[in-house]
Amino acid sequence: MLNFADPSEAGRPWRLAHICLLVIGLLAVILLSVDGLPLDVRDGLRYTIWLVAVLFFVEYLIRLWGAPEEARYREFPPMIARLRWAISLPGLVALLATVPVFMRLAGYRIVDSDTASIFCVLWVMKLGLHAPALGTLARVVSNERSPIAGVLALFFIVLVMAATVAHLLERERQPEAFGSLPNALWWAVVTLTTTGYGDVVPLTAGGRLVGSVLMISGISVLAIMTGVLATGFAQEERRREYLKVWELVARVPIFAALGVVTLSEIVGKLRTRYYPSRVVIMRRGDPGDSMFFISSGECEVRLPTGGTVKLGEGAFFGEMSLLERQPRSATVATSRPTTLLVLYASDFYEIASRIPALAQAVEVEAKRRREENIERTKDEPRR
Ligand code: CMP
């Protein structure tokens, strides 16, 4: 289906076309607000804006019609699916983007800079739907709502206290700026957020002291908020990586026999890496610091004897240097686009000591490979 919000690879051309259209529309709206443009340029910009709005209207109709095909609405009858999409956030944002068309149909005169600025707001919301990071931000804010609420409460307490004290200290010297609490609050917000317009400045010694404390508190509050959000983002990223690895691990047979609890411990230690074709993952003689499991794709082991061995989905490599504590015995490169799961040496040793069955399976394969390499070395001079 024609879905501009389709996050898959197939939806990519539509997404790009949609983003280009939005950027063209927004640029036209922004330019139209510039005074003194020649008349024909203004007309050109107006037509561009209408054209973009009409295309958004067509997009809205297509998406409304195709809503039953979207995965999340498939279980509903077509009309209910359409209704659900129409009242969803993407549906409402897509509808708002078509407002210029309705204005035109209602006989409203073509955009001037004021009306155009409204389109700017409506269309920029549409652009927001293309930023998956905004979804992550919403999840982070929701997950961290309790510390965020704590920081905001702290912000509010400091703000009101500082504004009240400054109001009491400064109101006689500066009745305009500090005569009322809302005015004092304005100064406190500007100071606490470290914006500092400088339009209002305390003049008494006490007021300046309050201002100093407020500025330092502002930096501390912002630092705490940054820390809370950064931690939230890191946790969200780890959760996403965990789910991704969990899916990929299922394709590696060596993990198949493990119980859910053991597997969940290993999954927490694995990291995913995507490589295009013909990328060297490790070179012979490098120090061994990790081993790899092939979740999809194919790798080629270039043996010192000159031969190569192909390793496909589910195989692993890089274990020999970890077990023998020796440099890498061969060069390994991808022969197709490949997804690897990486297990770092420290985690490998920890897992090997706790899950002997897994360690044994890896050792058996390493032994077989070592013997195979010795055989190949013996064969080499005879060739
Ligand atoms: P390591 O020595 O750490 O780095 C190179 C890797 O290539 C090695 O571990 C093995 O995982 C892999 N390897 C070496 N020889 C063979 C072989 N004969 N067959 C398959 N893989 C091999």
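The values are calculated or read from the model by the stated rules, or taken from the named source; none is laboratory data. Treat the numbers as computed from the prediction; the structure is a model and nothing was measured. Every residue, glycine as well, gets a Cβ built from its backbone with ideal geometry; the counts of neighbours run over all protein chains shown. When the accessible area is computed, the model is the full protein with side chains, heavy atoms only, and any ligands, DNA or RNA have been set aside. Shrake-Rupley method; radii C 1.70, N 1.55, O 1.52, S 1.80 Å.
Each residue, residue 15 and residue 378, gets one label point 7 Å from its Cα in the Cβ direction; the gap between the two is 5.5 nm.
Relative contact order for segment 127-205: what is it in percent, counting Cα pairs under 8 Å that are at least 6 residues apart? The partial results should precede the final answer.
Details: 46 pairs, mean separation 18.3, N = 79.
Computed value for segment 127-205: 23 percent relative contact order.
Can you give me the relative contact order of the chain as a percent, contacts being Cα pairs under 8 Å and 6 or more apart? Relative contact order here is 11 percent.
Across all Cα atoms of segment 12-156, the radius of gyration (one decimal) and Dmax (whole number) stand at 18.6, 55 Å.
The charge dipole of segment 9-130, taken about its Cα centre with unit charges on the Cβ atoms of Lys, Arg (+1), Asp and Glu (-1) only, comes to about 320 debye. Dipole magnitude for the chain: about 860 debye, using +1 per Lys or Arg Cβ and -1 per Asp or Glu Cβ, origin at the Cα centre. In segment 152-247 the Cα-Cα distances spread across 10 Å bins starting at 0 as 16, 39, 18, 11, 9, 5, 1 percent of all pairs.
Rg and Dmax of segment 243-383, both derived from C-alpha coordinates alone, stand at 15.0, 51 Å.
Spin-label pair residue 62-residue 204: with each label point 7 Å from Cα along the Cα-Cβ axis, the two points sit 6.7 nm from one another. Modelled label positions at residue 353 and residue 212, each set 7 Å beyond Cα in the direction of Cβ, lie 5.4 nm from each other.
For the residues 34, 101, a 1.4 Å probe over the protein chains yields an accessible-area ranking, largest first, of 34, 101. Among the trypsin sites (Lys or Arg not before Pro) within segment 275-335, those in coil by DSSP and having at most 10 neighbouring Cβ atoms inside 10 Å are 325. Can you list the DSSP H helices in the chain whose Cα atoms extend at least 15 Å along the helix axis and whose mean Kyte-Doolittle hydropathy is -0.5 or higher? Helices meeting the criterion: 12-32, 39-66, 113-128, 132-143, 145-170, 181-192, 205-249.
Surface composition of segment 247-383: carbon and sulfur atoms hold 53% of the protein heavy-atom accessible area at a 1.4 Å probe. With the charge dipole of the chain set up from +1 on Lys and Arg Cβ and -1 on Asp and Glu Cβ about the Cα centre, the Cα lying farthest toward the positive end among the listed residues 66, 21, 86 is that of 66. From the largest down, segment 254-316 spans 42, 23, 23 angstrom on the principal axes of its Cα atoms.
Dipole magnitude for segment 145-235: computed about the Cα centre from +1 point charges on Lys and Arg Cβ and -1 point charges on Asp and Glu Cβ, it is near 200 debye.
Under the rule of -39500 (n - 2.57) per DSSP H run of 4 or more residues, summed and divided by the residues of the chain, what mean residue ellipticity at 222 nm is obtained, to the nearest 500 deg cm²/dmol? Each step should come with its number before you reach the end.
Working: 16 runs with 243 residues, N = 383.
Using -39500 (n - 2.57) per qualifying helix, the result is -21000 deg cm²/dmol.
Using a probe radius of 1.4 Å on heavy atoms only, what accessible surface per residue do you get for the chain? Whole Å² is fine. Don't jump to the answer; show the numbers that get you there.
On the way: 21630 Å² over 383 residues.
Here the per-residue accessible area is 56 Å².
Could you work out which residue, out of 92, 39, 127, moves most in a Gaussian network model of the chain, that is, has the largest mean-square fluctuation with Cα springs under 10 Å? Result for the chain, Cα springs under 10 Å: 39 fluctuates most. Look at the dipole of the chain built from charges on Cβ: of 147, 341, 123, the Cα furthest out on the positive end belongs to 341. Placing +1 on the Cβ of each Lys and Arg and -1 on the Cβ of each Asp and Glu in the chain, which of 290, 11, 160 has its Cα farthest towards the positive end of the resulting dipole? Going by the charge dipole, the pick is 290. With Cα atoms as the point set, the chain shows a radius of gyration and Dmax of 31.2, 103 Å.
Each Cα pair under 8 Å and six or more residues apart adds its sequence gap; the mean of these over the residue count of segment 254-379 is a relative contact order of 33 percent.
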